[in-house]
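Read the structure below first, then the notes.
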Amino acid sequence: MERTLIIVKPDGVQRGLVGEVLRRFETRGLRVAALRLIRIDRDLAARHYAVHQGKPFYHGLVAYITSGPVAVAAIEGPDAIQVVRRMVGATRSNEAAPGTIRGDYALTVGRNIIHASDAPETAAFEVDLYFAPSDLHAYERATDPWVFPN
């Protein structure tokens with residue numbers, strides 16, 4: 001089992017896509033381990049995007065992610081990081097395949113609906129940024145044995 005972080009960005013929240021995004025992950029068989037609606041402040045945005053500091057698009061990223069509420073979720077399941085990344089689609093929305101979240105709902109890289117962790121180390125770092133250990137819930141659903149074997 002892996003755990004990863006997704007953020008439905010301000011454009012996704014404003015467009016009423018939080019439920020649709022979460023539905024896609026749950027329908028696929030992934031579990032929501034934690035979920036919050038928050039407003040990211042500049043300090044948290046700077047920590048989240050520290051890897052991009054100094055790049056030409058950094059200030060735009062920070063301004064965008066702090067521009068409105070976001071939905072953050074820890075998502076878990078077998079190979080969750082790569083499964084979620086494939087479901088999300090290419091960062092450049094015009095390159096995202098139809099059927100992916102970005103391919104179905106986004107037109108530009110600047111308003112691409114969702115963030116998803118890209119590697120195990122990133123996922124662990126990002127989940128820890130947004131959730132305390134007590135916020136994360138391990139549980140079994142009645143459908144889990146039908147989705148992934150023990």
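Tabulated values for the structure
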{"quantity": "Residue within region 122-133 that is surrounded by 13 or more Cβ atoms within 10 Å (Cβ to Cβ), on the phi > 0 side of the Ramachandran plot and of a type in the set (G, A, S) present", "calculated": "no"}
{"quantity": "Condition met for R24 (in contact with an Asp or Glu (Cβ under 7 Å, 6 or more places away or on another chain), of a type in the set (D, E, K, R) and either touching a residue at least 24 places away in the same chain (Cβ under 8 Å) or crowded, with 20+ Cβ neighbours inside 10 Å (or both))", "calculated": "no"}
{"quantity": "Within region 125-143, tally of residues that are without any contact (Cβ under 8 Å) to a residue 12 or more places away in the chain and outside any loop (DSSP other than H, G, I, E, B)", "calculated": "4"}
{"quantity": "Qualifying positions in region 102-120 - without any contact (Cβ under 8 Å) to a residue 40 or more places away in the chain, part of a helix (DSSP H, G or I) and under 15 Å from the mean Cα position of the chain (by Cα)", "calculated": "R102"}
{"quantity": "Residue satisfying condition, being under 17 Å from V8 (Cα atoms), at pLDDT 95 or above and surrounded by 15 or more Cβ atoms within 10 Å (Cβ to Cβ), within set A71, A63", "calculated": "A71"}
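The values are calculated or read from the model by the stated rules, or taken from the named source; none is laboratory data. Remember, predicted model here, so these are calculated numbers, not experimental data. Cβ atoms come from the backbone with ideal geometry, glycine included; neighbour counts cover every protein chain shown.
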